[in-house]
Every structure is written in C-alpha cells, then in structure tokens.
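Student: The structure's right below; bear with me while I get my questions together.
The values are calculated or read from the model by the stated rules, or taken from the named source; none is laboratory data. Nothing here was measured: the structure is a model prediction, and the numbers come from that model. Note that each Cβ is placed from the backbone with ideal geometry, even for glycine, and that neighbours are counted across all protein chains shown. Calculation scope for accessible area: heavy atoms of the full protein, side chains included, ligands and nucleic acids excluded. Shrake-Rupley method; radii C 1.70, N 1.55, O 1.52, S 1.80 Å.
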Amino acid sequence: MKMAQLTRVLVRPIITERSTMLQEQHKYTFEVALTANKGLVKQAVETLFDVKVLKVNTIRTPGKTRRFGPRLVRSREIKKAVVTLRPGDTITVFEGV
C-alpha cells in the first residue's frame, strides 16, 4: 500500500492510564479507521514506526445515545487496536507523555 493510505489507517494514539501501563508489556493502543482490519493495522504500524508487530487485537466500541434536555445525541463509533511489539521495540510517539 501507499504511505498516504497507511496513514489513514491509524487515526490517533490513545493515551490513557491503562494504555500507559500496557506500554510496559510492549503494547500500544491506537484509534484506527472503522474499515481497518488486523492485517492493515499491522502493516501500517510496521511501515510508519519501523518496528516488528507480534500481535494485533481490535475492539469496536459502538456509539452511545445520550439525552441533552429534549434532544437525543449519539456519540461516534470508534475502533481501537492494541498492538503488541517485539521486546526491545518502542514507538516514540508515546515516550515522554
């Protein structure tokens, strides 16, 4: 795939308390495109960050409907990927956060 297409697979890194603790186990969390599969996520991470991916787990979170006064508002649906790297590899986007 072209580099421009691979950059659209990874939307943004997810930086939470849990994802920060997972970094000790060489696991990094990204929000990915809803249409991305595990193979695309693996290829994108390996190409963009020059690391070796051992495993990819994906989680799809449906949007929730909430009430704001008389209006109903729906939050967006997201897809997350937890990427496990080989020991010794790191992704510098997450370092120092």
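Student: State all residues of segment 21-39 that are of a type in the set (Ser, Thr, Tyr) and surrounded by 14 or more Cβ atoms within 10 Å (Cβ to Cβ); if no residue qualifies, say none. Break it down into steps so the answer makes sense when it comes.
Tutor: Initial filter on segment 21-39 (of a type in the set (Ser, Thr, Tyr)): 28-29, 35.
Correct list: Tyr28, Thr29.
Student: Tell me which residues, restricted to segment 61-97, are open to solvent by 60 Å² or more (accessible area, probe 1.4 Å), in contact (Cβ under 8 Å) with a residue 60 or more places away in the chain and of a type in the set (A, V, I, L, M, F, W, C).
Tutor: Hits for segment 61-97 are Val93, Val97.
Student: Here's another thing I want to ask about it. Would you check which residues across segment 68-87 are over 17 Å from the mean Cα position of the chain (by Cα) and small (Gly, Ala, Ser) and list them?
Tutor: Within segment 68-87, Gly69, Ser75 meet the criteria.
Student: Considering only segment 47-60, state which residues are over 11 Å from Thr84 (Cα atoms), open to solvent by less than 90 Å² (accessible area, probe 1.4 Å) and modelled with pLDDT of 95 or more. Can you show your working first?
Tutor: First, the residues of segment 47-60 that are over 11 Å from Thr84 (Cα atoms): 47-50, 58-60.
Within this subset, residues satisfying the condition of being open to solvent by less than 90 Å² (accessible area, probe 1.4 Å) are 47-49, 58-59.
Scanning segment 47-60 gives Thr58, Ile59.
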